[in-house]
1. Are any of the residues in the range 38-46 under 15 Å from the mean Cα position of the chain (by Cα) and either at pLDDT 90 or above or not in a helix (DSSP H, G or I) (or both)?
2. So which residues in the range 180-217 are out of contact with any His (no Cβ under 7 Å at 6 or more places or on another chain), modelled with pLDDT under 90 and not hydrophobic (A, V, I, L, M, F, W, C)?
3. Just checking, which of D127, D157, D119 is out of contact with any Asp or Glu (no Cβ under 6 Å at 6 or more places or on another chain), charged (D, E, K, R) and closer than 25 Å to V15 by Cβ?
4. Just checking, does the range 81-95 include any residue being at pLDDT 85 or above, exposed (fewer than 13 other Cβ atoms within 10 Å of the Cβ) and part of a helix (DSSP H, G or I)?
5. Restricting to the range 145-166, name every residue that is within 27 Å of G27 (Cβ to Cβ) and either within 12 Å of the chain's Cα centre (by Cα) or part of a loop (DSSP other than H, G, I, E, B) (or both).
6. For A156, state whether it is of a type in the set (A, V, I, L, M) and open to solvent by 10 Å² or more (accessible area, probe 1.4 Å).
7. Which of (1) in contact (Cβ under 8 Å) with a residue 60 or more places away in the chain; (2) open to solvent by 80 Å² or more (accessible area, probe 1.4 Å) is the odd one out, the single condition S177 does not satisfy?
8. Could you go through the range 112-129 and let me know if any residue there is touching a helix residue (DSSP H, G or I) at 6+ places or on another chain (Cβ under 6 Å), within 26 Å of E168 (Cα to Cα) and surrounded by fewer than 19 Cβ atoms within 10 Å (Cβ to Cβ).
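The values are calculated or read from the model by the stated rules, or taken from the named source; none is laboratory data. Keep in mind that what you see is a predicted model, and the values were worked out from it rather than measured. Glycine also receives a Cβ, built like all others from the backbone with ideal geometry; neighbour counts cover every protein chain displayed. When the accessible area is computed, the model is the full protein with side chains, heavy atoms only, and any ligands, DNA or RNA have been set aside. Shrake-Rupley method; radii C 1.70, N 1.55, O 1.52, S 1.80 Å.
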Amino acid sequence: LVSVALPARADNVVVDLSSDHVDITTGFNGTTLAVFGVRSGKGDIAVVLRGPQRTMSVRRKESVMGAWINRSFETFKAVPSYNGYAISKPLQGLAAPEILQEHGVGPENLRFNKPDSTDAQRILFRDALLRNKQSQGLYPEHAGTINFIGPDFFRADVYIPANVPVGEYEIQTIYFSNGAVRDSKVRTVRVAQVGASARIHRFAVDNSLTYGVLCVL
């Protein structure tokens with residue numbers, strides 16, 4: 001049971017987590033992280049879970065003399081390795097598109113996905129990167145639901161799949177009122193391998209050739 005008390009100062013939203021870490025073991029098949037919060041007033045809530053950011057390249061294969069090779073690519077910076085979210089009302093009623101883009105609420109509003117270029121090829125590759133992440137289950141297409149347990153007390157469940165990368169994750173809870181952001185709270189969650197899973201990972205990194213041979217055998 002997680003209890004959240006309103007502080008003396010006038011915060012619009014206060015949050016706490018069911019856990020500040022996720023342990024990946026050899027039998028890990030995903031988990032759900034619960035975010036509990038209290039809002040002040042009748043504003044709307046969005047909870048966004050972001051994985052560590054990466055620089056990623058998207059490549060396109062083309063046929064050259066009967067062989068398929070990588071001919072073109074685009075590189076994107078600050079790409080979240082995971083992005084899940086939950087909202088208290090549909091995105092179109094939450095805030096204006098530019099505000100949602102500023103805070104990265106929803107996969108179509110991720111900051112790296114902003115239309116910062118009129119280059120048709122870059123837009124094509126950006127859309128391909130988004131589709132790849134969604135097909136891997138790392139960018140859920142549909143938002144989770146924020147459930148109000150009382151008039152102001154709420155809970156959001158964000159699913160973390162089994163194939164998430166390890167690292168420091170950021171959970172941002174945003175309070176909207178009349179389409180504007182009135183408050184925002186950020187917490188962090190550590191996703192790490194433990195036990196046998198961690199030992200296998202360290203062995204694979206430190207002894208990559210031997211690990212590769214063992215996998216082939």
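1. The initial filter retains those residues of the range 38-46 that are under 15 Å from the mean Cα position of the chain (by Cα), namely 46.
Cutting the leftovers down to either at pLDDT 90 or above or not in a helix (DSSP H, G or I) (or both) gives us 46.
The answer is yes, given that some residue of the range 38-46 is under 15 Å from the mean Cα position of the chain (by Cα) and either at pLDDT 90 or above or not in a helix (DSSP H, G or I) (or both).
2. Scanning the range 180-217 gives G195, S197, R199, H201, R202, D206, N207, S208, T210, Y211, G212.
3. Details: D127 fails: closer than 25 Å to V15 by Cβ; D119 fails: closer than 25 Å to V15 by Cβ.
Only one candidate qualifies: D157.
4. Within the range 81-95, the subset at pLDDT 85 or above is 81-95.
Remaining after also requiring exposed (fewer than 13 other Cβ atoms within 10 Å of the Cβ): 90, 92-93.
Okay, now just the ones that are also part of a helix (DSSP H, G or I), so 92-93.
Among the residues of the range 81-95, at least one is at pLDDT 85 or above, exposed (fewer than 13 other Cβ atoms within 10 Å of the Cβ) and part of a helix (DSSP H, G or I), which makes the answer yes.
5. To start, the set of residues in the range 145-166 that are within 27 Å of G27 (Cβ to Cβ) comprises 155-166.
Correct list: V158, Y159, I160, P161, A162, N163, V164, P165, V166.
6. Against the criterion (of a type in the set (A, V, I, L, M) and open to solvent by 10 Å² or more (accessible area, probe 1.4 Å)), A156 does not qualify.
7. (2)
8. yes
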